[in-house]
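Only one structure is covered here, and it is reproduced in the block below.
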There are 2 protein chains.
Amino acid sequence: MYICPMHNKELLKGTLKTIILQLLTEKGRMYGYEITQTVKSMTEGQIQLTEGALYPTLHKLEAEGLVVTQKEQIGKRVRKYYTLTPSGNKAAVNKVAEFEEFVRLIGLLLHPKKSLQ
Amino acid sequence: MYICPMHNKELLKGTLKTIILQLLTEKGRMYGYEITQTVKSMTEGQIQLTEGALYPTLHKLEAEGLVVTQKEQIGKRVRKYYTLTPSGNKAAVNKVAEFEEFVRLIGLLLHPKKSLQ
DNA sequence: CAAATATACATTGGAGTCTTATGTATATGC
DNA sequence: GCATATACATAAGACTCCAATGTATATTTG
């Protein structure tokens with residue numbers, strides 16, 4: 001996914017939708033390129049989304065009815081803004097909760113000594 | 001991976017090697033079936049490894065020189081025990097550290113409000 | 001002002017990981 | 001005797017993401 005300095009890229013699989021939905025929850029409205037730049041700056045340059053991962057995922061989210069798009073003319077270029085739908089909002093909350101639960105479960109396996117972390 | 005009640009199975013991708021290496025670090029010596037049962041009990045039944053994921057991964061770890069095997073006759077059945085090699089030990093430490101870093105980075109994206117969690 | 005870089009969208013082929021299904025065989029509990 | 005548990009293994013396919021490529025405009029820099 002993400003060109004990134006992290007060695008284990010597979011770890012990041014499955015988090016892309018969660019990341020996008022959560023960012024949209026916070027920012028309200030974003031376009032694709034903006035998402036890549038925001039993720040890069042928020043992660044100290046460690047996670048850099050690739051277009052080959054990002055755009056197909058955005059299109060999937062749209063097809064699933066979790067986001068809607070508005071095109072906006074900027075000079076001669078067109079930007080495509082994405083906004084969460086109500087079901088997209090719910091999905092964002094669920095996905096983040098699922099991620100937290102995932103981290104907790106893996107923590108049980110990786111840090112059994114630390115009583116309850 | 002892993003048949004499991006978690007809804008977002010993709011989240012777990014990329015963690016299997018890390019889990020196996022870490023378990024071997026703790027337990028010293030394990031066989032495949034034992035790994036599936038240990039993971040199940042340690043995660044409250046939430047993560048259940050499938051053979052289709054586990055065995056190919058164990059074979060890969062062996063091919064990479066991170067584990068070695070000893071077969072043991074138990075009655076008429078044969079158990080295949082896996083033990084970490086020195087490079088397997090290093091790999092375990094690295095993988096767990098990578099996972100921690102991954103969680104930290106995703107945390108930057110998902111919990112921007114919590115100062116430094 | 002030309003070239004490089006940044007902005008901005010998008011698609012395609014392929015790699016890698018896991019799931020589902022299947023196969024084989026022994027052991028145990030009811 | 002039959003179901004379930006133990007114990008290994010492989011194969012076909014789904015799914016996600018990466019790398020490469022393509023198009024086009026805008027800005028920076030030498």
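Points worth noting:
- Residue in region A:93-100 that is of a type in the set (Gly, Ala, Ser) and modelled with pLDDT under 90 present: no
- Enumeration of residues in region B:35-61 that are within 7 Å of DNA strand D (Cβ to nearest atom) and either part of a loop (DSSP other than H, G, I, E, B) or within 14 Å of chain A (Cβ to nearest Cβ) (or both): B:GLN37
- Residue selected from region A:52-83 under the condition closer than 15 Å to A:ILE19 by Cβ and out of contact with any Lys or Arg (no Cβ under 9 Å at 6 or more places or on another chain), by the criterion nearest to DNA strand C (Cβ to nearest atom): A:TYR55
- As a summary of the residue check, B:THR25 satisfies the conditions (1) under 12 Å from the mean Cα position of the chain (by Cα); (2) within 15 Å of DNA strand C (Cβ to nearest atom) except for the one numbered (2).
- Residues of region B:62-105 that turn out to be away from chain A (no Cβ under 14 Å) and not in a loop (DSSP other than H, G, I, E, B), as a count: 22
- Condition check for B:GLU98: closer than 23 Å to A:THR15 by Cβ, of a type outside the set (Ser, Thr, Tyr) and within 16 Å of DNA strand D (Cβ to nearest atom): yes
- Residues in region A:62-72 that are away from DNA strand D (no atom under 15 Å from the Cβ) and not hydrophobic (A, V, I, L, M, F, W, C) were compared, and the one that is farthest from A:MET30 (Cα to Cα) is A:GLY65.
- Condition broken by A:GLY75, with the remaining ones in (1) crowded, with 17+ Cβ neighbours inside 10 Å; (2) near DNA strand D (Cβ under 8 Å from one of its atoms) satisfied: (1)
- Within region B:9-34, the set of residues being part of a loop (DSSP other than H, G, I, E, B) and within 7 Å of chain A (Cβ to nearest Cβ) comprises B:LYS13, B:GLY14, B:THR15.
The values are calculated or read from the model by the stated rules, or taken from the named source; none is laboratory data. Here the structure is a predicted model, which means the values were calculated and not measured. Backbone-built Cβ (ideal geometry, glycine too); neighbour counts: all protein chains shown.
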